[in-house]
Every structure is written in structure tokens, then in C-alpha cells.
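The values are calculated or read from the model by the stated rules, or taken from the named source; none is laboratory data. The structure displayed is predicted, hence computed values, not measured ones. Note: ideal-geometry Cβ built from the backbone for every residue, glycine included; neighbour counts use all protein chains shown. Keep in mind that these areas ignore ligands, DNA and RNA; they rest on the heavy atoms of the full protein, side chains included. Shrake-Rupley method; radii C 1.70, N 1.55, O 1.52, S 1.80 Å.
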Amino acid sequence: QEIVVVAHGQANDPFWSVVKNGAAKAGEDTGANVDFRSPETFDMVQMSQLIDAAVNQEPDGLIVSIPDADALGPSIQRAVEAGIPVISMNSGGDVAADMGVLLHVGQSEYDAGVAAGEELAEMGGTKAICVNHEVGNVSLDQRCDGFAEGFGNVVEVIPTQMDPADVQSKVRAALESDPEIDTILTLGASMVGEPAVDAVKALDRDDIQIASFDLSAGFLQAVVDGDATFAIDQQQFLQGYLPVSFLALQAQYGLMPGGDVPSGPNLVTQDKAEQVVELSAQGIR
Amino acid sequence: MSEPIIHMENIKKHFGNVIALNGVTFDVRPGECHCLLGDNGAGKSTFIKTMSGVHKPTAGEIFFEGRPMSFDSPRDAMEAGIATVFQDLAMIPLMSVTRNFFMGREPKKGGIIKRFDIDRANQITMEEMRRMGINLRAPDQAVGALSGGERQTVAIARAVYFGAKVLILDEPTSALGVRQTSNVLATIDRVRNQGIGVVFISHNVRHAMAVGDRFTVLNRGQTLGTAVKGEIDAAQLQDMMAGGQEMAQLEGSLGGTV
Amino acid sequence: MSEPIIHMENIKKHFGNVIALNGVTFDVRPGECHCLLGDNGAGKSTFIKTMSGVHKPTAGEIFFEGRPMSFDSPRDAMEAGIATVFQDLAMIPLMSVTRNFFMGREPKKGGIIKRFDIDRANQITMEEMRRMGINLRAPDQAVGALSGGERQTVAIARAVYFGAKVLILDEPTSALGVRQTSNVLATIDRVRNQGIGVVFISHNVRHAMAVGDRFTVLNRGQTLGTAVKGEIDAAQLQDMMAGGQEMAQLEGSLGGTV
Amino acid sequence: MTDATDGADERIKSESVVTRLMKRPELGAISGVILVTIFFLITADRSMFTLSGIMNFMTPAAQLGILGIAAAMLMIGGEFDLSIGSMVAFAGLIFGVLAVNMGLPLILCIPLTLLAAAGMGAVNGTVVIRTGLPSFIVTLAFLFILRGASLVGLKWFTGGSTQLRGVRDAVEGDFLTPFFSGDAFPGLFSWLAERGIIDSFNSGAPKVPGIPVEILWFIVMALICTFVLLRTPAGNWIFATGGDDNAAANSGVPVKRVKIALFMLTACAAALVAIITVIDAGSTDARRGFMKEFEAIITAVIGGCLLTGGYGSAIGAFFGAIIFGMVTIGLTYTDFDQDWFQVFLGGMLLLAVVFNNVIRKRVTGER
Amino acid sequence: MTDATDGADERIKSESVVTRLMKRPELGAISGVILVTIFFLITADRSMFTLSGIMNFMTPAAQLGILGIAAAMLMIGGEFDLSIGSMVAFAGLIFGVLAVNMGLPLILCIPLTLLAAAGMGAVNGTVVIRTGLPSFIVTLAFLFILRGASLVGLKWFTGGSTQLRGVRDAVEGDFLTPFFSGDAFPGLFSWLAERGIIDSFNSGAPKVPGIPVEILWFIVMALICTFVLLRTPAGNWIFATGGDDNAAANSGVPVKRVKIALFMLTACAAALVAIITVIDAGSTDARRGFMKEFEAIITAVIGGCLLTGGYGSAIGAFFGAIIFGMVTIGLTYTDFDQDWFQVFLGGMLLLAVVFNNVIRKRVTGER
Ligand SMILES: Nc1ncnc2c1ncn2[C@@H]1O[C@H](COP(=O)(O)OP(=O)(O)OP(=O)(O)O)[C@@H](O)[C@H]1O
Ligand SMILES: Nc1ncnc2c1ncn2[C@@H]1O[C@H](COP(=O)(O)OP(=O)(O)OP(=O)(O)O)[C@@H](O)[C@H]1O
Ligand SMILES: [Mg+2]
Ligand SMILES: [Mg+2]
């Protein structure tokens, strides 16, 4: 069987590389031929063209992420019209059903942000920064928005470049210029979370809570060591693995679950972190 | 004597801390060839560039047909009827001969949408070049692939073709062969007889004497004086051009003039 | 007669579909000045470029001091002792006079880390330029701000300074004033007397006659013939240079030679 | 006495038509297209070269190409515009706000958007000319400024989101919509599908409902720009300005006007792409056009433009865009792993340009 | 007869030392630094200009600057290298694999990494010279190829992850580690902190434990490159090659060797940054160095390099990097809404370059 995945994140993004690994694993397990594709940057126009390209090949199943329903809707509908079974994952759970998508595997970025915000507020946070390394990427923006909603108190978004040195300096700068900040949420563990931990360490402040979306071995180690509070895991391996196996089963036996599968959010705290580190280092979590 | 077309009064030009011109007065009358002479670095090129709108003078006044005038760009000067052959030729090596020839003043054809009339342009280019003694291989050859003299001839032919009132030639014959040189000198003569004023810069005394009506010598940014044809002989002129300094002695004689 | 330093045998050079040289044979002996003459576009520059390692000939052979030789780059030719003044001068306008002068063969000082000895370079530059009749304002002036003749003088002074065995000059005096020209001609004479072979390209018959020992005329990519000094007079030479075509008649006489 | 004027010059070898053609800057790009096509014919899924597959890679090629051709014109004129990509986002924002928030009809939205873009282009050009700074650095500043302004504007007009939606509904039914979105000639294509001349889905609808309008814009733009470059005085001025702006100015070319007009052209091309993609997608966001300035320059360079200006062609950029579109989309039709995508893209790019260079040298006999 | 040789030339106006200084290309960049500093002194939190604040923005500036100075050298030599950013990721991968997977000591890892990078640089240069293609397009291809290769390599060596970790453990205790990571002169700084000359934490440890080593590398590199450019034959060759490679070759400059050496230099600079950041972060991932090629070029241009080659300075790029570092980090210290970051960055860039241009023109009296 031919199954195509079109995702909005790139293969070199640590988060998406795990999704891809999940999809590949499912391909191995089910014997399906999985093809993972994504635009070179967060680019909805190009992504819709990639979906069109996939439809032209008439695969046995199509898996998409839907960060922008308006932009991707027509292409997805074309796939549905062409009789290709479509499953959405990661983002777009709210709109998927209307497009004729069979089901959705994922977590709402916004809801995950809310969950993180509530947790951090509960732990006593009063003033927070949300470090966004790709401003304008809608799914990242939603995480910050959800976080602001759940946190309830003041949240400032700090835009940074995709560069650890830049992130570290900016986090330091933010902390130094406003000593009231006591909470940091980062939107990617390896690119942003780890430098943020380093920045806090360099300032010798242990009253600051750091949480991050997604996992990286380094950040999890920081959680284990108590330097960071928790990581928000959406178990994106499942977002790659499950849709592929569902579609494979559908093609073989006509089986399909009856509803959406929430893959997260799942907060990885100090007690759980240890066991996850090794898996993360292998690109599974 | 007729009114000058251009009269430049006490022109000064400074480049940063370099003083290139320090008060030069000069004029051109219709139908005359006024030679501008002088040593290397005397300021001849700088001077004619202020005349053709490339440089704005630091001080001094320019009168065009009696009225004070300030050219904002070479295009203004061109539209007033001044055509110039610059010493660096102002050619684009990557472009074809024809495109260089008509650069900035393309012949047009067509109705609502004015097109560049390439065919006519090609034809004019070939013809004008032939008049100067160069047979081009093809008018769409890139200027960058022409020999030094061929390139210079293109610049001269262009200026002659567009020079309506004043024609300025900055060392036009420097890279030309004997045949092309005699053509250019003959052309200057012809143009002058049509009532156009010619400014001719040269280091060759014989060329200057052959076509010049008046001779102005610059030295270190200042006028050394103006002489009328017949009042001065080649040897005197050559002495003035050398800025009064002595010349190297050469074993073989050059017959007085270099 | 002494052995030629360079002997070029039946050189051909094509650029795409353009045939620039179609079989040229030429040699230079120590202590002579061999003039290369010819109309615009005859192929003189192309020919000397094959001699100085810029172009590889399409066909033909080069012998350097009797041995067959093929220069892969101008640097090779330079190291063999050939220095050239190219018609386009090969100067970098943004760089200072000194840096241009020593470009590619900088004087060094210092122990382990060899430094560019700027002070000595400046001093040599000023001195060599003065010998050519140009007093530079400052050796760190950019070449782009020099006048045409000043720039040409830098190129000549450089070649003379580095020309160990053969000195090639492609229209070196085209932009020079009378004083500088007589200096250059005197320099050629001096260099020749030191036993260096000089190749001198010019359109000026008088300059050629003044310093030349032999005269080779090119026409449309081919050799028209070689004459030895004394066998030929200025008028004959001029006729050959014009490629045998007639010259324009000029009202004022040029005294036979242009 | 032989005078070569009235006959062929003996110093020219005869030259075939092919050779003469290959000397045009764009012909290299065409040979690149052929190479890439052959490559994908061998490696890619057959569906890539079906009608729908071709439309599929031509659409991004067209969107990129509209920018690339404008960038090529500007590059021939000797300047860069790094703000094109951001301009796509900015113009998209303006257009979206006019159409959605203000509810204006397209007949107003489109000219206003183009006007705003042209204004920004003129600012770019004026700053470059007035300050004498390299356009690289000036337009780079506008890259950041416009990108940032789009973000701020989007948040402002949507009340905090970085995505503005609802454009499709807003322009639905407007008589100008078909010119800027969807597919042209739907009648023709369904007729062809009925006859079975082109493929159709089981439902009977043609697989390709028409030619995406951006492809038509792309072709029209390539033709107009080529005409302007080769057959009008303006084209001559552009080459001259790029070749040597000093010499051009000295020869009477209005260099400043030419440059400002070219900056306005690139900005308008960006606005056109913004309008087309925003209507097509129905939404706009702050990352639209990200890195497009880069791709536009790549396109122009593959198409044979010199970075130093004064040389190049619009039709070359046309084929450059097709190469780039084919390579980026084509890889998804092959079996190569996505991880290798960039290695591949780079390799193909290099191969395509080296190949077209080799071909050109062979044919023209340059050293 | 007056001979002007032995006296001052009457055609030169006297010129002050200030004027002479301002004519150097880098002095504009310095005035930019001053302008930006003044701006932040007024608008930013006081902590920006404490010792620790300065170290904080100097660290990214230094990392960028090492690349920027190399890019400036190459740009003066007339070429571009767009593969620098990807080279950071690629060299990081090689270094990580050598240190972690192979467990080699730094004394081997570092030379091997530099060698590999230099090799890639030589490939870049050779391709550019052999094909005669613009370096823009060639190195662009390597931008993609190296970026892709880093991803593939990382996955290969980690068994599926895009992050390779454990570098810090692997190099711990190596005698070379202090030269490539952490802070220099810790003793001096704690001594200063004890005396109360610099701030310290409550624990008594100095707030700034030392000078981050990248800052030292940055300064050393600026000095060496400036020396090479201005005081060695090689510097003369670089200027000549960039000014006009044809004229330079005709004058006997080994143009090809110069260009290849410069490509090797940029690649090695990228490798150096990779080594420093990988040891510092303890890990490397596939996105390291993203867009750095772009920032390096910006740095060089702010520093006064001409894109067309033949003009510029290493010390200018030094200050360019500081301007860029201050502006990107500085906004975080101010009260401005962070959404405006890019607008601000663009505006400051433009202001800084326009300002330094105006200053220079005023002082030198150019038109
Ligand atoms: N842009 C400039 N900046 C600084 N100095 C300049 C500039 N242009 C010319 N100069 C200087 O002004 C002086 C006059 O130069 P100009 O080119 O006018 O001389 P010229 O009389 O034409 O000499 P030539 O016969 O050699 O062409 C020269 O010494 C030159 O160095
Ligand atoms: N790179 C090139 N490509 C094509 N044609 C060329 C190239 N270089 C020179 N030519 C042609 O070869 C011929 C000889 O040129 P060359 O420069 O050698 O002439 P020349 O004898 O030096 O003339 P001049 O006295 O005008 O300098 C010219 O007609 C020129 O157009
Ligand atoms: Mg002059
Ligand atoms: Mg010549």
C-alpha cells in the first residue's frame, strides 16, 4: 500500500522528525509504503500544492496536518472527492470532520497551551514569558495564545531566531530587565528549552519555572535534575504511527476507529522524565 | 564674431580635498573647433564633465546661449544639444554596439506602444561606423568584444550623430589607427562647417594644429591662456602643453613635435 | 644577430566564430625594439595577449629562449621575465596606486611572518612615477581617481620596473601628454640599451619611427610583412598601417603623417 | 582592395542557427528544464507528467515565477530586492483587510493593494538612490520592517491572531474573482473530459478543472517583460543601467527613474502573487512569502541573470522558475526519502546550472 | 619653474586626521555602533550595559562576527558563500560524531573537523572556478546539500533523532576544552568580584564568571584578518581579486588560489563556530546555523563591504556584528511590544547604515 503523509513541519524539526519516525515504524509494522512530505518552511500555499501532488498519485491513504483550514481545505476536499481515505493529525481537529476527514489524531495546540498555563499558574507563577522561535507559524502562535489564556496572568511573547545563542541571550535579557518574571514557557525543547535553562542557570536564579513544549533528551535531563519543571508531550510518535496503521488496517480489513484519538497533552514531570530520556534520544519521544 | 554657445566663467571643482579645477574660463562659438590642451592631470576631463552635466562645479557660472544655466544631469545637457565623447567612453561592454549607440535616445516606431526600432537602429549604426572607417562584423556584437579603437569609434560616431549644437571630444583619437584618425579629423572639420561648436581635447599637437581654430591650455587646474590659429606655431604650443617643463632627450629625433 | 627571446610561429586565435588571428609569426631579440603596427581590430592586442599568457593560442607554437613553451597564466609569463602593459591597463580602480603597482609581486619584509613592505613600496612607486614625469599627490590615492594619462603612466612604470627580459607595451602613449610621451619613448630607449627586448604597439608612425628597430604590420589577423629600420620611410609605413586603404582628405595639411 | 562591407567578413566562421540561439542567456535555462524533465521521467511516478501532475508543479512554479521575473528585471537593472517575500505577506494583509474588514469589492481592493505595494517599492528605490547605499542592505531592512508590520497588522485587525481568514467568502461572486483565483477555461476542460480526451474522476468531473490562473499570469508576464526588455527603449535603459549606471547616466539614460520603476515592478509582482494566493487560500498569515525573495533571486540566476547586473532575460527566469518548481514538487513523486530532500534539491540545482553552462560553452566555443 | 614634488602639492587642501580616519570603510560602522549604543542607553533597561548585560549581547555578536568577518574577507575577494550556515550544522555533526561516537580527544576532533570543513570549502571554490558559475548559485546548492546531509547524518548516528547529545560529557576534562568553551580568565573575574569591583551574586560568585571564549576568538580573528588585509601580500591579492579578477590575473595575482583559500576560510570559520557552540550547548542538531549565511552577509555589508567585491574591511565586519548583536538582543531590554521586533530590527539597521553614510559624506565632502 501507498500511504502519503503531508505535514507542515520539516523533517529537520526535532518534533516532526519524531512524527516521521512514528510513521516509518508503522510502515515497517504494517508493510505499507509510507512517504513523508513537507514544505521547506511553514508555507500553507506550498503545502496545499504538496497535497495536490499526493492526490495525483492516488495513494491508498493520505495523512495531513491542518494548521490552516481555509488554505488547505480545497486540496483536502479534492482528495476526499477522489475517494482517498484521509486522516488528519497534529492540528486541525476542530475542522477535520467537516472536510470529510475520517478522524483526527492529535492534540489541539491551543488546549495544550491552556493546560500548560493552568499548571504553571497553579505552581505559583505570576508573570511569564512565552519564547517563540518562529513567529507567524500559526501552530506556535496558538500555543502561546492558549498559554496566555490558561496562565491568566501577564504573558509576554519573546520572538527569537532559530539559534541557541540568540535564544539564550534574549531570555537572559528578558529576565534581567524584568526581575518579576518567574515563569518561562518555550515552544521547542531542543532549540529553545535547553538554552533557556542555560540562561537561567547563568543568572543563578532557582526561583524560575521553565516548561517547554515537546521533548528533547537535554531538556528532559534538566527536568530530571530539577532545573526545569516539566515538558509537554503530545506523544507525536503516535501522530505518525496511528494514522498509518489505521489506514493500513482500513485498506486490509476495512477497520477504522469511530472517533478522534487525543494523543496528548501529557505533562512529563521530574518523576517520569528519567525513563523518557533514552527514548527521546532515539527520536521516539 | 558670433556669440558663444557655451561660456564657462571661472569654474572651480574640488573632489574632497583635491582641487581639480581652480578657476577656468572657456567658451565655444558656433562653427569653431576650440582645442583644450594640457598636461596629464591638468583637469581637462574634469572641466568638460562640468560642461556636459556630469559634475556640478564647486564654484563658477555656465552660460548656455547667453542665459545662465545649470545642467542637473547629462541628459539635460544632451537635450540642450551637447553631445560628448568621454575619455572612458561611457559604453556598456555587455551590450551590443547598436544598443550602446542609441542608449538613452532610442529611435521609436509603432502606434500606441512605442517600440525600439531595432532594424533602423542597426542600419544607422553600421552606416555611421562605416563613415568613420570601421566595418563592423555585425551590429549586435557586444561592445566588450571590440578592439580598443573600434570601441572608441563607436563613441565618436554616436556623439557626432547626436551632437546638435556642441560636440565635445575628450581624446577621441587616442586609440585610433591612422586611417580612423584621419576620418575623425575630417569629421570634426565637416561638423564645424555645419555651424556646430566643437571642443577637442588632444595630446597630439599635430592633430590639434590640423583642425583647431583656437587653443586653450590648462595647467594644474588653471588656464595658461588662449591662442588663435596662426598666432602660434606647433613648437610653442607643445612647450605650453608640457607645462613649461623640460622634455627628455631622445637619441632618434622626433622632428620637434611628439 | 642574437637569438630571439621569444619566437611565435604561425599563431592562430579564434573567439567562438570570430577569427582574430589567422597565422602570425613574430619574434623579439634582446636589445631591440620591435614595433607591432596595424589598423584598429587587426589583432595586435590579441596577439600580445597570447604572448603574455592571457590567451592560449588556438594553433601555433611559442618558443621562449629557444625552448617550446606554453604559459598557463600571466603569472607564469611574468615569472619568466615578461612584463606587459595591456591596452586596458589591468588596474583595479578601487585600490591605491602603490597596491596596483605591486599587485602580484609585493616586496616583503619581516621574519617568519612575511609582511607587505608598504613603506618601501610607496617610496618606489613615487620614484618610478616621477621618472615618468608624473608627480603623484600621494601613493595611497585610489587609481580610480587618477586622470587617464596618470593611470596609464602607472601601468607603464610598473611594467618597466618588473620587465626582466621582455617588455610589451600595448599603445602605452595613447593617453599621455607630450612630456610623458617623450619620457616613455626615452624609457624604451634606455631599457633596450640594457639588453631587454621591447615589443611596442602604436598607431603613431612618428613614435614608432623614433624608437623602433624593426616594424611588423598586421592586417586583418595576418602579418603583412616585417621591415627593418632604414629600409622604410614614415609615409610607406603609414600606408601599410592603414591596410592599404585610402585616407580621408583633410583641408589643413597634416604634413604627410598622422 | 577588398572591402569586406558588402560581403561576408572573412574573419567570421559560419555559425549555425542552433549556435546563435544557444548564445541567448535563456537557452541555458531551457536545457536545464530538459535535463530535469528527463531525470524525473526516469525516477518519478508516472502521474507527475499527466496533465494534472503538470498543472500541479506549474502552479508553484508560476507563483514563484511571477516574483522571479520581476526580480530578474530588477537584477538586470543592477539592483536587488530582498523585501519581495515580506511584501507578499504585507500586500496580503492589506488586501485581506480591504476585502474582509472593510468589505470593499475587488475592483477597489486590487488597485489599492497594488498602489500600496508600488508606493513601498518607490520608497525602496528612493532610499537606495538618495543614500547611495547598496540595495541589498536597504531592502533587507524593509524585509524585516514589512515582515514585522504584517505581524503587527494581522494581530491588530484580527484581534490577536496571526491568521486572517474569511477572504474566500468576502470575494465570492465578485466579477473579478475568476481573473485572480481558481482555474481558467473550466468549460473547455469539462468538455474535454466528457469526450475522454483528458482524465476525469469517477464522479465525471475532470481531474484538471482548468488552467490555474496564476499560470496564465506567469506566461503573460514573461511575454510582456521579454518584449519590454528586447523591443522597447525602456528595455535598453534597463540593460544600460545595470551594465554601468555611471556610463548609462553619462549617455543620457534616466537611471534614477529606471531604478525606481523597477523597484515598483517587483513590489507589484509581490502584490499580485499575494492577491492570487490569498484569494486561492482564503486566508493570509504572517509567514506568507517567507524566503520567497531568496527563491526569486535563485530563479533569476538559474535563468541566466548576472548578479552584477546588465545581463539576463525574463524568459530565462521563466524557465528558471519551472526548473525550481519541478525540482521541489517533483521530489515528492519519487521514492526518495524526505530526509534527503535538501541534498537532492541542492544536487539538482547544481546539476541543472552546471549542465546548462557546459552546453552553452560547447555550443558557442567560449573558453 | 615650480616642481611640486619636494613640497606639498598646491592642489591638495589640508585634511584633518579625523577626515582621514573617516575615509576608512570601517569608520562608518563604528559610528553606527555609537548611534545604536546611544539609542539603547536612552530606551533600554539599565541592566543592558552592566558587565553581564554586555557579555550577554556580545556572545551572539561574537558567534555571528566570526562568520561575518570570514564572509567579509570572501566578499572583498569578490565571492559569496551561502553555505556557511549549513556548514555550521554539518561541521557540528562531524565534530559531535568524532567526539561522542568515536570518543576521540579534542586534539584530534578539532583538526579533523576543520580539515573536513576546509575540504568542503575547497570544493565550493573549485566548482566556482572550474564552471565559471556565480558563487551565489554554487554555494546555494551546497546550502541545501550540507543542510540535508546534516539531517541524514544525525539520524544515522543517533539512530533516528535530530539531536546528537553528550558532547559536554565527552569533552569534559580535555585540556583543550577551555579554549573552545566556557569563560576565559575566571580567576581574574572572581578576584575582581571579591574586591567588589564587579558585581557578584549573593553566593559570592561573580555575576560574570569570565569572558566567553567566543568573544576572544572574535577579537583575535578581527585582528588577524585586518592584519592580513592591510599588511600582507595576500591582503593585496584579495583586494585585487575582488576588484577585477581579470585585471588581477593579468597582473600576476594567483586569483584561483586566492579564491579557494577564501572559501576554505569561510568554511573553517563556520567549523570554529560549530565547535564552540556544540561544546557550549553540549549537543548539536539539524537546525544549527539556520540563516546564518544571511546574517553573516548582512554583517559584512553593514561593516562597509561592497557586494561587488574589492572594497571593505574586517574590522568593519567586527563592528557590523556588534551592531547586529546589540539590535537583535537589545529590544528585549526595552519596553517596546515585542511584536514590533522585526520592524524595529529593520528600522535600526537602516538607520545605522544611513547614519554612517551621512557621517562619512559630511566628513569627506564627497558628492
Ligand atoms: N573623482 C575624483 N576624485 C579625486 N580626484 C580626482 C577625481 N577626478 C579627477 N581627479 C583628479 O583631478 C585631476 C584632473 O583630472 P582630469 O581627469 O581632469 O585630468 P586630465 O587633464 O583629463 O588628464 P589626462 O590628460 O591624463 O586625461 C587629476 O589629478 C585627478 O587625479
Ligand atoms: N573576446 C573576444 N571575443 C570576440 N571577438 C574578439 C574578442 N577579443 C577581440 N575580438 C575581436 O578580434 C579583433 C582583434 O582585436 P584586437 O583587440 O586584437 O585588435 P587591435 O589590433 O588591438 O585593435 P586596436 O588598435 O583597436 O586596439 C577585433 O575585431 C575584435 O572585435
Ligand atoms: Mg582626461
Ligand atoms: Mg588593441
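Quick look at the numbers
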read-out: Shielding by partners - mean other protein chain Cβ count within 10 Å, residues of E:259-271; value: 0
read-out: About the Cα centre, charge dipole magnitude for region A:189-228 (Lys/Arg +1, Asp/Glu -1 at Cβ), debye; value: 80
read-out: Relative contact order of chain B, defined on C-alpha pairs under 8 angstrom at six or more residues apart (%); value: 27
read-out: For region A:65-145: rounded, prolate or oblate by the Cα gyration tensor [a/c cutoff 1.5]; value: prolate
read-out: Set of lysines near residue A:127 by C-alpha distance (under 17 Å), chain-local residues within fewer than 8 positions excluded; value: A:170
read-out: Largest to smallest principal axis extent of the C-alpha atoms in chain A, angstrom; value: 58, 36, 31
read-out: Rg/Rg_ref, region E:34-136, where Rg_ref = 2.2 N^0.38 Å and atoms are Cα; value: 1.47
read-out: Teacher prompt: residue D:103 distances to equivalent labels in other copies, 7 Å Cα→Cβ, nm; value: 7.4
read-out: Relative intensity, log₁₀ I(q)/I(0), of region B:71-185 from a Debye sum that treats every alpha carbon as a point, q = 0.12, 0.18, 0.20 Å⁻¹; value: -0.41, -0.91, -1.11
read-out: Heavy-atom accessible surface of region B:15-82: percent carbon and sulfur, 1.4 Å; value: 50
read-out: Dmax and Rg, reported as Rg then Dmax, of region E:216-336 (C-alpha, Å); value: 16.6, 57
read-out: Value of [θ]222 nm, deg cm²/dmol, for chain D, DSSP H segments ≥ 4, -39500 (n - 2.57) each, nearest 500; value: -22500 deg cm²/dmol
read-out: Principal semi-axes in Å for the protein assembly as shown [√(5λ), Cα gyration tensor, largest first]; value: 63, 37, 30
read-out: Neighbour-limited loop hits for trypsin sites (Lys or Arg not before Pro), region B:93-160 (at most 16 other Cβ within 10 Å; DSSP other than H, G, I, E, B); value: B:114
read-out: Interface size A-E, as summed buried accessible area [1.4 Å probe, Å², nearest 100]; value: 3200
read-out: At 7 Å out from Cα toward Cβ: residue C:231 inter-copy label distances (nm, ascending); value: 4.9
read-out: Whichever lysines have a C-alpha closer than 22 Å to that of residue C:108, once near sequence neighbours (fewer than 8 apart) are set aside; value: E:256, E:259
read-out: 36 Å tail of the calculated P(r), chain D, as % of Cα pairs; value: 28
read-out: Residue and distance (whole Å) for the chain D Cβ nearest the axis that superposes D on E; value: D:308, 3
read-out: 29 Å Cα-Cα reach of residue E:155 towards lysines, excluding residues that sit fewer than 8 places from it in its own chain; value: A:20, A:25, A:272, D:292, E:292
read-out: Inter-site label distance for residue A:271 and residue B:138 at 7 Å from Cα along Cβ, in nm; value: 8.5
read-out: Relative contact order [Cα under 8 Å, 6+ residues apart], region C:28-162, whole percent; value: 22
read-out: For region D:141-167 versus region C:31-47, the gap between their alpha-carbon centres in whole angstrom; value: 67
read-out: Residue-averaged beta-carbon neighbours from other chains (10 angstrom radius) around C:121-134; value: 1
read-out: Helical segments meeting 18 Å axial Cα length and Kyte-Doolittle -1.0 threshold in chain B (DSSP H); value: B:148-162, B:178-193
read-out: Lone cysteines, the protein assembly as shown (no partner Cβ under 4.7 Å); value: B:33, B:35, C:33, C:35, D:109, D:225, D:268, D:305, E:109, E:225, E:268, E:305
read-out: Charge tally in the Cβ shell below 13 Å around residue D:84, where Lys, Arg are +1 and Asp, Glu are -1, residue D:84 excluded; value: -1
read-out: Sites residue E:231 and residue A:253, calculated FRET efficiency, Cβ-Cβ separation with R0 60 Å, nearest 0.05; value: 0.15
read-out: Spherically averaged projected area of region E:177-220 from its Cα convex hull (nm²); value: 3.2
read-out: Three-way shape call for region E:309-361 based on the alpha-carbon gyration tensor, with the a/c threshold at 1.5; value: prolate
read-out: Cα Rg, Dmax, region E:59-207, angstrom units; value: 19.4, 62
read-out: Net charge of neighbours whose Cβ lies under 12 Å from the Cβ of residue E:253, counting Lys and Arg as +1 and Asp and Glu as -1; value: +3
read-out: Average other protein chain Cβ within 10 Å of Cβ, residues E:279-287; value: 6
read-out: Chain E: DSSP helices with Cα axial extent of at least 27 Å and average Kyte-Doolittle hydropathy no lower than 0.0; value: E:25-43, E:51-76, E:106-131, E:135-158, E:255-281, E:314-333, E:341-364
read-out: Shielded by partner chains, region E:334-350 residues - at least 40 Å² of accessible area, 1.4 Å probe, vs chain alone; value: E:338, E:339, E:341, E:342, E:343, E:350
read-out: Chain C residue with Cβ closest to the axis mapping C onto B, distance in whole Å; value: C:174, 2
read-out: Principal axis dimensions, largest first and in whole angstrom, of chain C by Cα; value: 59, 48, 40
read-out: Size-normalised alpha-carbon gyration radius of region C:16-132, reference 2.2 N^0.38 Å; value: 1.30
read-out: Relative contact order (%) - chain A, alpha-carbon pairs under 8 angstrom, separation at least six; value: 20
